[in-house]
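The values are calculated or read from the model by the stated rules, or taken from the named source; none is laboratory data. These numbers were taken from a predicted model, which means no experiment stands behind them. Every residue, glycine among them, receives a Cβ derived from its backbone with ideal geometry; neighbour counts consider all protein chains shown.
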Amino acid sequence: MKNSILLTQTVQKGGCAAKIAASELRQILAQVKFPPVLKEILVDGQLMDDAAIVQISAELALVQTLDFFTPIVDTPYIFGQIAAANALSDVYAMGGAPKTALAILAFPLISMDKSIIVEVLQGASDKIAEAGASLVGGHSIDDDTLKFGLSVTGYVHPEKIWKNSCAKTGDLLVLTKALGTGTATAALKKQDIIESEIAEEIKSMCELNNIVSLLSAEHLTAIHAATDITGFGLAGHAVQMARASQKILQINFNNIPVFSRTVNFLKKGYLTKAHRTNKEYVCEELKADNLIDLQQQILFDPQTSGGLLLSVDKKVASKIVEILKLKNKHTVIIGEVRDDRSSQNIRLQINA
């Protein structure tokens, strides 16, 4: 039974493309009266950062995050790996190291063989082990569709946190993974391709964003701000960083890395609802007049387990890219951080 089910055909939306649209989420959150922020909390959700930070001592803070979604690929083991890598990424995006994970599982017991969830959990467990963390429990429910993810806790030094609000004028912008997982998995869901035809994208989604272990202390302090690129696309997450930092991010479109089949998939119209909602989210703050529609779709493509966008001291940016390329060949400088001196509401400028 497990071999006869294509997981992507059991859900309407898959991966980070299933996120509530960013503009709708902001409207919802604006109506909620949240409890007061405790003095120990160094980072909360106000600036749409990747995780919360709670200070424990002068030398230790906890990174807390949660992420789950519906299947984005058909193979259960690979789905578990991607879901885990995606959740762990939020800790890495704050400069932290994952320590524990709790599983979040909704599973249709009537329609799916239990061996499928065994494979999902095994994929996640193997990826958590690769991160040097432990799976310590979780919660499950019987539901109509499969959903899986993790709540992750990590450690970070309170003075070494990467926030999305600390980009500095003159920094160079580094992107660590190629774009295009959204359109590739849209093609897979339409059953116009099979998993083996997007092996490059799947490999990228399974890769951990653990760059802290690759860099020296000097290089780590040169990274002033970071965020991971997921469901809101490069444009959405870049705008959030620019807003939080009160800067303008200027990106050279020709430097943006994409997978080998991304443009072809977009030309064939493999899109998700998120392509549209991501465009709506940033349209008033994005200046990309010289780009054709297809090029803009790359900016709006919803990534699942995408790369990190780093705001880096320009003196060492090239060296950091050289080091990170050893792990991911697509790592590249894509732009720079500028002062916000415009009378317009522009946060992200893309030059063709």
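So which of S196, S216, S245 ends up being more than 18 Å from D90 (Cα to Cα), among the hydroxyl-bearing types (S, T, Y) and in contact with a strand residue (DSSP E or B) (Cβ under 9 Å, 6 or more places away or on another chain)?
On the way: S196 fails: in contact with a strand residue (DSSP E or B) (Cβ under 9 Å, 6 or more places away or on another chain); S216 fails: in contact with a strand residue (DSSP E or B) (Cβ under 9 Å, 6 or more places away or on another chain).
So the residue among S196, S216, S245 that is more than 18 Å from D90 (Cα to Cα), among the hydroxyl-bearing types (S, T, Y) and in contact with a strand residue (DSSP E or B) (Cβ under 9 Å, 6 or more places away or on another chain) is S245.
Against the condition more than 30 Å from A84 (Cα to Cα), of a type in the set (V, I, T) and over 18 Å from the mean Cα position of the chain (by Cα), how does I251 come out, does it pass?
Numbers: more than 30 Å from A84 (Cα to Cα): no; of a type in the set (V, I, T): yes; over 18 Å from the mean Cα position of the chain (by Cα): yes.
It is false that I251 is more than 30 Å from A84 (Cα to Cα), of a type in the set (V, I, T) and over 18 Å from the mean Cα position of the chain (by Cα).
Consider only pairs whose beta carbons are under 9 Å apart and that are at least six residues apart or on different chains; among these, list those whose first residue lies in segment 179-190 and is free of Cβ contacts under 8 Å to residues at least 12 places away in the same chain and on the phi < 0 side of the Ramachandran plot and whose second residue is surrounded by 24 or more Cβ atoms within 10 Å (Cβ to Cβ) and not in a loop (DSSP other than H, G, I, E, B).
Hits for this filter: zero, empty list.
Would you list the strands (runs of 3 or more DSSP E) that sit entirely within segment 85-177 and hold 2 or more residues that are within 24 Å of A18 (Cα to Cα) and either among the charged types (D, E, K, R) or under 16 Å from the mean Cα position of the chain (by Cα) (or both)? Break it down stepwise before answering.
Numbers: elements: 97-107, 134-142, 147-156, 172-175.
By residue number, 147-156.
What number of residues within segment 44-103 satisfy the criterion of being hydroxyl-bearing (S, T, Y) and closer than 20 Å to G233 by Cβ?
Within segment 44-103, residues that are hydroxyl-bearing (S, T, Y) and closer than 20 Å to G233 by Cβ number 4.
Has segment 171-178 got at least one residue that is within 21 Å of T272 (Cβ to Cβ), surrounded by 15 or more Cβ atoms within 10 Å (Cβ to Cβ), in contact with a strand residue (DSSP E or B) (Cβ under 6 Å, 6 or more places away or on another chain) and basic (K, R)? Break it down stepwise before answering.
Taking segment 171-178 and keeping what is within 21 Å of T272 (Cβ to Cβ), we get 175, 177-178.
Still in the running and surrounded by 15 or more Cβ atoms within 10 Å (Cβ to Cβ): 175, 177-178.
Next, only the ones that are in contact with a strand residue (DSSP E or B) (Cβ under 6 Å, 6 or more places away or on another chain) stay: 175, 178.
Right, trim to basic (K, R) and you get none.
No, because not a single residue in segment 171-178 is within 21 Å of T272 (Cβ to Cβ), surrounded by 15 or more Cβ atoms within 10 Å (Cβ to Cβ), in contact with a strand residue (DSSP E or B) (Cβ under 6 Å, 6 or more places away or on another chain) and basic (K, R).
Just the residues that are of a type in the set (K, R) and in a helix (DSSP H, G or I), please, taken from segment 236-252.
At the first step, the residues of segment 236-252 found to be of a type in the set (K, R) are 243, 247.
Answer for segment 236-252, where residues must be of a type in the set (K, R) and in a helix (DSSP H, G or I): just R243.
Kindly indicate which of A242, A178, A199 is hydrophobic (A, V, I, L, M, F, W, C), farther than 30 Å from P71 by Cα and modelled with pLDDT of 95 or more. Full working, then the answer.
Details: A178 fails: farther than 30 Å from P71 by Cα; A199 fails: farther than 30 Å from P71 by Cα.
That would be A242, the only listed residue that is hydrophobic (A, V, I, L, M, F, W, C), farther than 30 Å from P71 by Cα and modelled with pLDDT of 95 or more.
Scanning segment 188-205 for residues that are among the hydrophobic types (A, V, I, L, M, F, W, C) and crowded, with 20+ Cβ neighbours inside 10 Å, which turns out nearest to G335 (Cα to Cα)?
If we filter segment 188-205 for residues that are among the hydrophobic types (A, V, I, L, M, F, W, C), which is where we start, we get 188, 193-194, 198-199, 202, 205.
Checking which are crowded, with 20+ Cβ neighbours inside 10 Å leaves us with 188, 198, 202, 205.
Working: L188: 31, I198: 28, I202: 26, M205: 23 Å.
Once the filter is applied, the top-ranked residue is M205.
Any residue at all in segment 134-141 that is modelled with pLDDT of 95 or more and surrounded by 22 or more Cβ atoms within 10 Å (Cβ to Cβ)?
Our first condition is that a residue be modelled with pLDDT of 95 or more; within segment 134-141, this holds for 134-141.
Next, from what is left, pick out any that are surrounded by 22 or more Cβ atoms within 10 Å (Cβ to Cβ): none.
The answer is no; no qualifying residue exists.
Give segment 17-66 a look and list any residue that's assigned to a helix (DSSP H, G or I), within 24 Å of L102 (Cα to Cα) and out of contact with any strand residue (DSSP E or B) (no Cβ under 6 Å at 6 or more places or on another chain), or say none. Break it down stepwise before answering.
Quick first cut of segment 17-66, residues assigned to a helix (DSSP H, G or I) only: 17-18, 22-29.
Then drop every residue that is not within 24 Å of L102 (Cα to Cα), which leaves 17-18.
A17 - this is the single residue of segment 17-66 that is assigned to a helix (DSSP H, G or I), within 24 Å of L102 (Cα to Cα) and out of contact with any strand residue (DSSP E or B) (no Cβ under 6 Å at 6 or more places or on another chain).
If D228 satisfies every condition in (1) acidic (D, E); (2) in contact (Cβ under 8 Å) with a residue 60 or more places away in the chain; (3) surrounded by fewer than 16 Cβ atoms within 10 Å (Cβ to Cβ) but one, which is the exception?
Evaluating D228 over (1) acidic (D, E); (2) in contact (Cβ under 8 Å) with a residue 60 or more places away in the chain; (3) surrounded by fewer than 16 Cβ atoms within 10 Å (Cβ to Cβ) leaves (3) as the failure.
Could you pull out every one of the helices (runs of 4 or more DSSP H) wholly within segment 266-351 that has 1 or more residues that are touching a Cys at 6+ places or on another chain (Cβ under 9 Å) and in contact (Cβ under 8 Å) with a residue 60 or more places away in the chain? Give the steps one after another, and end with the answer.
On the way: elements: 273-282, 293-300, 317-324.
Answer list for segment 266-351: 273-282.
So which residues in segment 333-345 are crowded, with 18+ Cβ neighbours inside 10 Å and either β-branched (V, I, T) or over 21 Å from Q240 (Cβ atoms) (or both), if there are any at all? Steps first, answer last, please.
Step one: filter segment 333-345 for residues crowded, with 18+ Cβ neighbours inside 10 Å, giving 333-337.
Residues satisfying the conditions are I333, I334, V337.
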